[in-house]
Amino acid sequence: MPETRNGFSLYRENNGLAYLQAALLSETGWVDHAFSTRLGGLSSGPLASLNTGFHVGDDSEKVLENRRIFFEHFSYDYRTIVSSTQVHGTEIGVFDAKNTGEGAFPGTTRSRCDGLVTEVPGLPLTAYSADCQILFFASQKPRPLIALAHAGWKGTLGDIGGRMVRFLEENYSADPGQIKAGLGPVVGRRCYIVELVVASKFQAAGWDGEDYLEPTGGGAYYLDLDAINLEQLRRAGLKEANLALNGWCTACHPDLFYSYRRDKGVTGRMLGFIAIK
C-alpha cells in the first residue's frame with residue numbers, strides 16, 4: 001500500500017523506482033502526472049540516484065537514462081518531454097506539438113518561464129526542483145487543459161499559482177471553481193530559514209502573519225512556501241475539494257528527496273510532470 005500524506009501518496013516499484021501522485025488528479029481519468037523521488041536511477045555520489053537535471057554536474061548520459069527509466073514507467077518517450085529554462089519568475093508559456101522535445105536533451109530548451117500550459121494530449125510538461133514547489137493544474141471545461149508552475153521563493157512572492165489560475169481563466173475560459181490543483185513536495189517551514197532582506201519582501205506583500213512567516217528568534221525567519229502557495233490558490237478561486245495538499249518536506253527526507261538547502265547546493269533534481277492522456 002502507498003504511504004499517503006495529505007493529498008499525495010508515495011508509490012514504490014519493484015525496480016527501486018519511487019514517485020508521488022495525487023489521487024485528486026489520477027481519479028480524473030484523463031490526467032497523467034507524477035513527482036519523482038531520488039530513487040531508482042543510475043547517478044552516484046550526492047546525485048544518487050535518479051537525478052533528472054542536466055545542470056548539476058551529472059553525466060548527461062546518466063540523466064537521460066534516469067529520465068528514460070522514469071517516463072517509461074508511465075508509457076511516455078523521454079525524448080518527447082517539454083520543459084523550459086526556469087528563471088524563478090512568474091512568466092507563463094503555452095506549449096503545443098511544435099514544442100515536442102524541447103528540454104529533453106541538454107541545451108534544447110527555448111523558453112524562459114516558470115509556468116507551462118498545454119491542451120495537447122500526450123505532450124508531457126515537466127518542471128524540476130530540489131526544494132521549490134511544483135504546482136500541478138488540470139481543468140476539464142470547456143476543454144481539457146493542464147499546467148505546471150515552478151514556485152521558489154521568488155515565484156511564490158510573485159503569486160505564480162494565482163497568476164496561473166487567472167491565465168487559464170482569461171485565455172481558456174477555465175472556471176477557477178472547477179480547476180483541480182496539487183501542491184507538490186517543498187522545503188518545509190522549519191527547514192527553510194530566510195534572512196530579513198527576503199522576509200521583508202514577504203512582509204511588504206502582506207505575508208507577515210505567523211501562519212506564513214515566523215521569527216526564529218535570531219534575526220531570521222521561518223518561511224512557509226507551502227502555506228503561502230495554498231492560500232494564493234484559495235484566493236484565486238480554487239475550492240478546497242479541488243486541492244491536493246502537500247505533506248512532504250524535501251529537506252526532512254534525505255532518503256527520498258534532493259534538497260538544495262540541506263545539501264548546501266550540491267544535489268540533484270526531482271521532476272514533476274503532467275500530461276493529458
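Each reported figure results from applying straightforward, stated rules to the coordinates on display, with no laboratory input. Predicted model only: the values in this text are computed from it and were never measured. Here the Cβ positions follow ideal geometry from the backbone for every residue, glycine too, while neighbour counts run over all protein chains shown.
Among Gly115, Thr156, Phe35, which residue has its Cα furthest toward the positive end of the charge dipole of the chain, with +1 on Lys/Arg Cβ and -1 on Asp/Glu Cβ?
Final value for the positive-end residue is Gly115.
With charges only on Cβ, +1 for K and R and -1 for D and E, what is the dipole size of the chain about its Cα centre, in debye, rounded to 20? Could the numbers behind the result be given before it?
On the way: 27 positive and 31 negative charges, 46 e Å.
Its charge dipole is roughly 220 debye.
Quick one: compute the contact order of segment 19-140, relative version, from alpha carbon pairs under 8 angstrom and 6+ residues apart, as a percent.
Numbers: 185 pairs, mean separation 22.1, N = 122.
Across segment 19-140, relative contact order equals 18 percent.
If each DSSP helix of 4+ residues adds -39,500 (n - 2.57) and the sum is divided by the residues in the chain, what number results at 222 nm, nearest 500 deg cm²/dmol? Present the calculation step by step, with values, prior to reporting the outcome.
Working: 6 runs with 56 residues, N = 277.
Calculated mean residue ellipticity at 222 nm is -6000 deg cm²/dmol.
Which trypsin sites (Lys or Arg not before Pro) in segment 106-198 sit in a loop by DSSP (not H, G, I, E or B) and have at most 14 other Cβ atoms within 10 Å of their own Cβ? Walk me through the numbers on the way to the answer.
Numbers: sites: Arg110, Arg112, Lys154, Arg163, Arg166, Lys180, Arg189, Arg190; in loops: Arg110.
Taking segment 106-198 and a limit of 14 other Cβ atoms within 10 Å, the loop trypsin sites (Lys or Arg not before Pro) found are Arg110.
Summing +1 for each Lys or Arg and -1 for each Asp or Glu, what net charge is found among the other residues whose Cβ lies under 11 Å from the Cβ of Asn242?
+1
What does the highest-first list of 68-76, 127-135 look like by mean Cβ count within 10 Å?
Highest to lowest by the protection proxy: 127-135, 68-76.
For a test of the definition: using alpha carbon positions, the gyration tensor, and the 1.5 limit on a/c, classify segment 1-125 as rounded, prolate or oblate.
Judged from the Cα gyration tensor, segment 1-125 comes out oblate (a/c at least 1.5, b/c at or above a/b).
Tell me the relative contact order for the chain as a rounded percent, counting alpha carbon contacts under 8 Å between residues six or more apart.
Here the relative contact order equals 24 percent.
Listed here are the pairs Lys154/Lys264; Lys141/Lys239; Lys141/Lys277; Lys141/Lys201; Lys180/Lys264; which of them are more than 27 Å apart at the Cα?
Checking Cα-Cα distances, Lys141/Lys201; Lys180/Lys264 exceed 27 Å.
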